[in-house]
Structure formats: C-alpha cells, structure tokens
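In what follows, a structure is listed as structure tokens, so that the remarks can point back to it.
Bear in mind that the values in this text are calculations on the coordinates, not laboratory data. Remember, predicted model here, so these are calculated numbers, not experimental data. Please note: Cβ atoms are built from the backbone with ideal geometry, for glycine as well, and neighbour counts cover all protein chains shown.
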Amino acid sequence: MKRLLITLFFVLPVTSFAQPPKNGYELIRQMYDANKSNWYQTLCFAQEIFYYSNDSLVNTDIMFEAYSSPGNLILKFTDWDSGNGMLFTGDTLYSFHKGNLISSKFRIHDLVVLGLDINNIPPEITASRAELCGYNLGLIGECRCMGYNAWVVGDTTTNCFWVDKATLLFIKMRRRTGENSREVEFAKYERINGYPVATVINFYNNEGELSMVEKYFNINPDCDLPSSIYNPLEFKQSRW
C-alpha cells in the first residue's frame with residue numbers, strides 16, 4: 001500500500017490568474033488573494049487516527065484539536081482528561097504527558113503555515129515563515145499531483161509543497177531534511193459552513209509507505225476559542 005486512492009473534492013469556483021506565478025512568493029500572494037475572503041480564523045474539530053506499519057493497520061486513536069490564526073494549534077490525545085497532547089504556539093512545540101509538560105522546543109509547524117495560515121495572514125509573513133521551515137521559494141514548476149494540475153514550490157529532492165492550480169489550495173508537502181521528515185497529503189477537502197476544510201490527511205514515511213491517516217469529524221470553522229487554551233500552563237484543564 002504505497003499510496004491510498006486519493007479523492008479530492010474541491011468545492012470552490014475555479015480561480016484563474018492572467019499571469020502565472022514566477023516563484024513561490026507570487027504564488028503565496030495569489031493563494032492569499034484567492035482565499036482570504038472565504039477562510040476561517042479558528043477551527044475546532046475531532047479526528048480519528050489510523051496508524052499503519054508494513055501496509056497494515058496497527059493502532060487507532062482519537063484526538064481533539066483547535067486551531068487559531070496565526071500559528072496556534074492545540075491537540076489533546078485519546079480523551080479530554082488524558083493529559084496527553086501537544087501545543088504549538090509562539091513558534092514552540094510543547095509536549096505533555098498526564099498533564100505534565102515533558103518537553104519544549106523551537107518548532108514552526110509547516111502544515112499550519114502552508115495549509116491554514118497562508119490563507120489568512122499577510123503573504124510576506126507566510127513567505128518568511130515558509131523559508132524558515134526550509135522551503136526555497138525561488139523554485140517553482142508545474143506538474144500533476146494526486147491527479148490534479150498543480151504548482152510545486154521548492155526543491156523536490158528535499159523540501160517542497162504543491163498547490164492545486166484550480167483552487168489555489170495547498171494539497172501536499174514533502175520534507176526530506178530535519179527530524180520531521182515525511183510527506184503529507186491533504187487528500188480530501190469538503191465544504192463546511194461555506195468554508196473549504198481538509199478533512200482527510202495522509203502521512204507517508206521516507207520510503208513512500210503509508211504511516212498515518214487522519215479523518216476529521218465534528219468540524220466547526222470560526223468557533224469561539226478562549227486564548228487561554230494556548231497557554232502551556234493551562235493545558236491540562238483547557239476545553240473548547
């Protein structure tokens with residue numbers, strides 16, 4: 001099972017631009033211009049997690065997540081009271097076990113930058129953060145990706161990402177450097193309360209083998225979120 005059968009349901013009208021982007025900087029601006037009026041500042045959801053090894057399902061789990069622009073993401077594992085999870089905020093990843101903080105380190109979550117923030121924060125900020133994540137925005141090409149005409153930005157042998165030409169939505173990233181090496185596909189978009197939301201995310205290891213699938217449910221764009229949930233001192237009791 002090197003690849004799942006990919007089904008993308010893009011529900012936005014086709015967006016066209018007279019001038020193709022000359023580089024990743026121009027593409028990021030086009031994505032922002034195309035999607036900023038139809039995007040959310042917050043997103044609450046739960047997800048089923050399916051873990052794979054050697055083409056076989058080996059485990060499942062449930063997670064609860066809440067995103068707030070720019071760059072804030074909290075994840076609670078298994079149930080609300082487990083005390084296990086992660087928090088991305090202030091370019092830092094905090095990890096928790098049984099309610100206790102066990103580690104913190106610098107981390108810009110590139111999936112949040114490229115898949116979410118890119119549509120609702122100024123393009124120059126997105127570009128700067130993408131470069132900090134190791135993407136060469138000076139490189140751009142055209143290709144087919146997951147059955148769609150796409151732009152690919154960056155070095156395809158190291159770090160790069162793909163954008164659907166028709167919708168100007170992020171669809172895939174590849175990272176071959178650093179400790180978080182992987183490929184990730186936003187395999188299915190659905191329209192939720194009028195917004196496009198990626199609801200199936202596929203993860204692959206460096207050998208191209210499926211390692212994890214996330215399937216979202218109870219999705220609520222533009223949900224009300226207290227800012228306190230992104231305070232690492234409040235992780236254990238945070239609810240939304």
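Taking label points 7 Å from Cα along the Cα-to-Cβ direction, Arg182 and Lys215 give a separation of 1.9 nm. Per residue, the average separation of C-alpha pairs within less than 8 Å and at least 6 apart gives the range 24-234 a relative contact order of 22 percent.
Computed extension gain for Asn231 through Ser103, at 0.36 nm per residue and net of the alpha carbon distance, reaches 44.6 nm. Per-residue 3J(HN,Hα) values for the range 181-197, derived from phi via the Karplus relation 6.51 cos²θ - 1.76 cosθ + 1.60 with θ = phi - 60°, read 5, 4, 10, 9, 10, 7, 7, 8, 9, 10, 8, 10, 6, x, 10, x, 10 Hz in sequence order (x marks Gly and Pro).
Of all lysines in the structure, the ones whose alpha carbon falls short of 18 Å from that of Lys236, not counting any fewer than 8 places away in one chain, are Lys76, Lys98. In this structure the amide hydrogen of Cys145, modeled in the peptide plane, comes within under 5 Å of the amide hydrogens of Ala150, none closer than 5 places in sequence on its chain.
Once you order the gyration tensor axes a ≥ b ≥ c over the Cα atoms, which shape class does the range 57-129 get: rounded for a/c under 1.5, otherwise prolate or oblate by comparing a/b with b/c? Cα axes put the range 57-129 in the prolate bin.
In a fully extended conformation the segment linking Ala166 and Asp222 would gain 17.7 nm over its present Cα-Cα distance, using 0.36 nm per residue.
In this structure, the amide hydrogen of Ala166, modeled 1.01 Å from its nitrogen in the peptide plane, lies closer than 5 angstrom to no residue at least 5 positions away or on a different chain. Residue pairs exceeding 24 angstrom between C-alpha atoms, taken from Lys22/Lys105; Lys22/Lys165; Lys172/Lys215; Lys22/Lys172: Lys22/Lys105.
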